[in-house]
Amino acid sequence: MAKAASIGWTGLLKSTGFKVTAIPVVAALAVTGAIIYPGFETADVELNDGGVWVVNQSEGKIGHVNYQSRTIDGGVATPLANYDLVQHEENVLVRNLEQASLTTIDPSMVQFAGDNNLPANSSFSFGAAVVAVTDAEHGTVHASNLDQIADFKGEGAEPLIESKGEVAAVVGADDSIWAADMAAGTLSNFALDDEGAAELTLEIEVPELVGMKEPQLSAVGTIGVVFDAASGELITSEGDSASIENPANAKIQSPGPETQKVAIALDQSLATVSLSGKDINYEQLETAGTPIQPVRVGSCTYAAWQTSGEYLRFCDDPGNNQSTKIPEMSDGAELAFRVNRDVVVLNDVHSGQVWLANEGMEIVSNWSDLEPPAGEGEAKEEETKEITDAIELPNRTEENKKPIAEDDTYSVRPGRTTFVAGAL
């Protein structure tokens, strides 16, 4: 395989005459949390901007959705045509699918922060702080801690697994790596230490993997799950199995938190399968469509279907279930769920349209507000200072004078009692 091009996202922008441009709409992202008076014992409070990042490929933008204000309040611009992103808390990664590079975004500065090469034709999975890279051409799976991704070398590095056949890998919510060797019929689990060294924690033989034609790999808590969209066969790392009806075009859920079931989106239903394999529920839809990968957040599973425009939220508490048509979805929309912490939105990556999944599918699409400052060529980097009306000092044109004292109407004085008339 030819060596991956060394030019990264930042290099590509410079070489084509583009500049990575931060286009913030507001001075600062909203921070949720509480300020506690010092002196009392307090619990640790995690401060975060309460938002999620989304994509608008038609305008070459990546935007930050402020969930509280229901707006896209900042973003970065890029000329790339084929890219996508993943995120977990403050870690945001953008994959340049054309140049096989992985770029980080600094949410606090609303700008790109670093560029890292990946093997060409590879795929990657991201957990909380671990990245797994699957090189289909060489049949290898590598992994790295996110803070060491700059030192990642696909070629020559020791892989977690190496196969002469098809391989797949995902990173679970617990940052453990599940890797499947289809040719050998094995499913393995690895954990990385702080230095990035991998430890094999589990390896089981799964002969059924050898015959799978369309394998999909996921993780539910600490359990690995393999699903074949051709046969409908589902197998877990615990040795349990199930068979799904009408599996064509099916999508297994993305890796998610610990629960008793795994979700699989079918053409006209959402299947929830107990990890023991003993119970399968099919939540039917009115219209068949093309399913996208479902996500599990909290106690609910979220699913959506392209072409038909169906949306479904299926929860442990049936009172929170919702089934509706996606409002104002354009023809040819390419949908993807974006999740960060407990925030879930549906994103059309082509148009950038965003639907707030837990707010009645309210639409957020103020991309026109994210326009870079007018000007020719590359803007000069200047230090700026914002002054608001509340803190701006008055423009004094005359010399200050001492104030003139005047009698008050209440005659209130220290050291004596004064009665003040009032209405009841």
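Can you tell me which of (1) in contact with a helix residue (DSSP H, G or I) (Cβ under 9 Å, 6 or more places away or on another chain); (2) buried (at least 20 other Cβ atoms within 10 Å of the Cβ) is the one residue 104 doesn't meet?
(2)
Looking at (1) touching a Ser or Thr at 6+ places or on another chain (Cβ under 8 Å); (2) of a type outside the set (Asp, Glu); (3) under 21 Å from residue 229 (Cα atoms), find the lone condition where residue 314 falls short.
(3)
Starting from the stretch 160-184, take each residue that is at positive phi and list its partners that are of a type in the set (Gly, Ala, Ser), counting only C-beta distances under 9 angstrom and pairs at least six apart or across chains.
Every condition considered, the pairs that remain are 175/127; 175/128; 175/129; 175/191.
I'm checking my understanding of the structure. Among residues of the stretch 140-149 that are over 17 Å from the mean Cα position of the chain (by Cα) and touching a residue at least 40 places away in the same chain (Cβ under 8 Å), which one is surrounded by the fewest Cβ atoms within 10 Å (Cβ to Cβ)?
148
If you go through the stretch 118-127 one residue at a time, how many are surrounded by fewer than 21 Cβ atoms within 10 Å (Cβ to Cβ) and over 20 Å from the mean Cα position of the chain (by Cα)?
2
Filter the strands (runs of 3 or more DSSP E) completely within the stretch 97-176 down to those with at least 2 residues that are touching an Asp or Glu at 6+ places or on another chain (Cβ under 8 Å).
Strands (runs of 3 or more DSSP E) meeting the threshold: 101-106, 111-117, 140-145.
Scan (1) modelled with pLDDT of 80 or more; (2) closer than 25 Å to residue 254 by Cα; (3) crowded, with 21+ Cβ neighbours inside 10 Å for the single condition residue 90 breaks and write down its number.
With respect to (1) modelled with pLDDT of 80 or more; (2) closer than 25 Å to residue 254 by Cα; (3) crowded, with 21+ Cβ neighbours inside 10 Å, residue 90 is out only on (3).
As an exercise: evaluate residue 230 against (1) touching a strand residue (DSSP E or B) at 6+ places or on another chain (Cβ under 8 Å); (2) surrounded by fewer than 18 Cβ atoms within 10 Å (Cβ to Cβ); (3) over 27 Å from residue 324 (Cα atoms) and give the number of the one condition it does not meet.
(1)
Of the residues that sit in the stretch 161-181 and are buried (at least 21 other Cβ atoms within 10 Å of the Cβ) and more than 19 Å from the chain's Cα centre (by Cα), which one is nearest to residue 259 (Cα to Cα)?
Step by step, filter the stretch 161-181, then rank; the result is 178.
Any residue in the stretch 50-76 that's free of Cβ contacts under 8 Å to residues at least 40 places away in the same chain: show its pairings with residues that are among the hydroxyl-bearing types (Ser, Thr, Tyr) at Cβ separation under 6 Å, as long as the two are six or more apart or on different chains.
The qualifying pairs are 60/78.
When residue 278 is evaluated against the numbered criteria (1) in contact with a strand residue (DSSP E or B) (Cβ under 7 Å, 6 or more places away or on another chain); (2) under 23 Å from residue 228 (Cβ atoms); (3) exposed (fewer than 14 other Cβ atoms within 10 Å of the Cβ), which criterion, by number, is the only one it fails?
With respect to (1) in contact with a strand residue (DSSP E or B) (Cβ under 7 Å, 6 or more places away or on another chain); (2) under 23 Å from residue 228 (Cβ atoms); (3) exposed (fewer than 14 other Cβ atoms within 10 Å of the Cβ), residue 278 is out only on (1).
How about the stretch 240-254: which of its residues are part of a strand (DSSP E or B) and not hydrophobic (A, V, I, L, M, F, W, C)?
Passing the criteria: 241, 243, 251.
Can you name the condition, by its number, that residue 253 falls short on among (1) surrounded by fewer than 20 Cβ atoms within 10 Å (Cβ to Cβ); (2) of a type in the set (S, T, N, Q); (3) within 20 Å of the chain's Cα centre (by Cα)?
(1)
Could we say that residue 192 is farther than 28 Å from residue 212 by Cα and touching a Ser or Thr at 6+ places or on another chain (Cβ under 9 Å) here?
Yes.
Can you name every one of the strands (runs of 3 or more DSSP E) wholly within the stretch 290-374 that holds 2 or more residues which are touching a residue at least 40 places away in the same chain (Cβ under 8 Å) and of a type in the set (Val, Ile, Thr)?
Qualifying strands (runs of 3 or more DSSP E): 295-297, 343-348.
The values are calculated or read from the model by the stated rules, or taken from the named source; none is laboratory data. The shown structure was predicted, so the numbers you read here are calculated from the model rather than taken from an experiment. Reconstructed Cβ throughout: ideal geometry from the backbone, glycine too, with neighbour counts over all protein chains shown.
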